[in-house]
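The values are calculated or read from the model by the stated rules, or taken from the named source; none is laboratory data. Note that the structure is predicted; figures quoted are calculated from it, not measured. Note that each Cβ is placed from the backbone with ideal geometry, even for glycine, and that neighbours are counted across all protein chains shown.
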Amino acid sequence: MVNLDNNKIKSWIVIENPARFEKSAGGNMTSNFLVNQDIDILISGEMGPIAFYLLRNAEIKVYKAAYVNVAKNLNRFTEGKLKEITTISSGYPK
């Protein structure tokens, strides 16, 4: 989790995903965990529709991660180069 201030990293912390060993509902459990962490934005590679709607209903914006590392995705986000996913019909999540 990263705390940004004026698009600069103010602080960050690594939190282990509590649903990392879950199979079918892992994404949904992770989404609920993130909602409870009071985040504003998620940059993600993939997610299912239920997880997407859980986040959207909690007013968490979801951005499509590029196929690069975390630091590069953060840079792309602060540069406005990541696409915000606003609808399930936008081709993502699959």
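Annotations
- In the set LEU74, LEU55, only one residue is touching a helix residue (DSSP H, G or I) at 6+ places or on another chain (Cβ under 6 Å) and under 17 Å from VAL2 (Cβ atoms); that residue is LEU55.
- Test: residue in region 24-44 that is over 23 Å from ALA66 (Cβ atoms) and over 15 Å from the mean Cα position of the chain (by Cα): yes
- Of the strands (runs of 3 or more DSSP E) entirely within the chain, those holding at least 2 residues that are touching a strand residue (DSSP E or B) at 6+ places or on another chain (Cβ under 7 Å), surrounded by 14 or more Cβ atoms within 10 Å (Cβ to Cβ) and modelled with pLDDT of 85 or more occupy 2-5, 41-44, 61-64.
- Scanning region 24-64 for residues that are within 19 Å of ILE13 (Cβ to Cβ) and among the aliphatic types (A, V, I, L, M) yields a total of 7.
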